[in-house]
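One structure below.
The values are calculated or read from the model by the stated rules, or taken from the named source; none is laboratory data. Owing to the predicted nature of the structure, the values given are computational and were not obtained by experimental measurement. Virtual Cβ from ideal backbone geometry, glycine too; neighbours counted across all protein chains shown. Only protein heavy atoms, including side chains, enter the accessible area calculation; ligands, DNA and RNA are left aside. Shrake-Rupley method; radii C 1.70, N 1.55, O 1.52, S 1.80 Å.
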Amino acid sequence: AWNLVNFRSGLMRGLQQQGYRLTAAAPADGTESRLSVPFEPIRLQSDSLNPVRDAATLVDLVRLLRRHRPDAVLSFT
């Protein structure tokens, strides 16, 4: 969430001003309350080599996408 707050807040605000509905997804780290969009926590450990943890991340992402049915997805890193 920290990366979203610090590097994507301007983009998110701009998209909202243009009428887009947004949802941010990231691991919860305490900074998500500073986001100007709805937030969905996901399990993600970027330093993990554990396939079970990676599978849990994939499950979270699939559930999120099925629930929201977005027209577009912007991901980074």
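Report every pair of residues separated by at least 6 positions or lying on different chains whose Cβ atoms are under 6 Å apart, first residue within segment 33-52 and closer than 24 Å to Thr23 by Cβ, second open to solvent by 100 Å² or more (accessible area, probe 1.4 Å) and among the basic types (Lys, Arg).
Ser36/Arg13; Gln45/Arg53
For a quick check of your reading: which helices (runs of 4 or more DSSP H) sit entirely within the chain and have at least 3 residues that are open to solvent by less than 60 Å² (accessible area, probe 1.4 Å) and of a type outside the set (Val, Ile, Thr)? Quick ask: steps written out before the conclusion?
Numbers: elements: 2-7, 9-17, 51-68.
Correct list: 9-17, 51-68.
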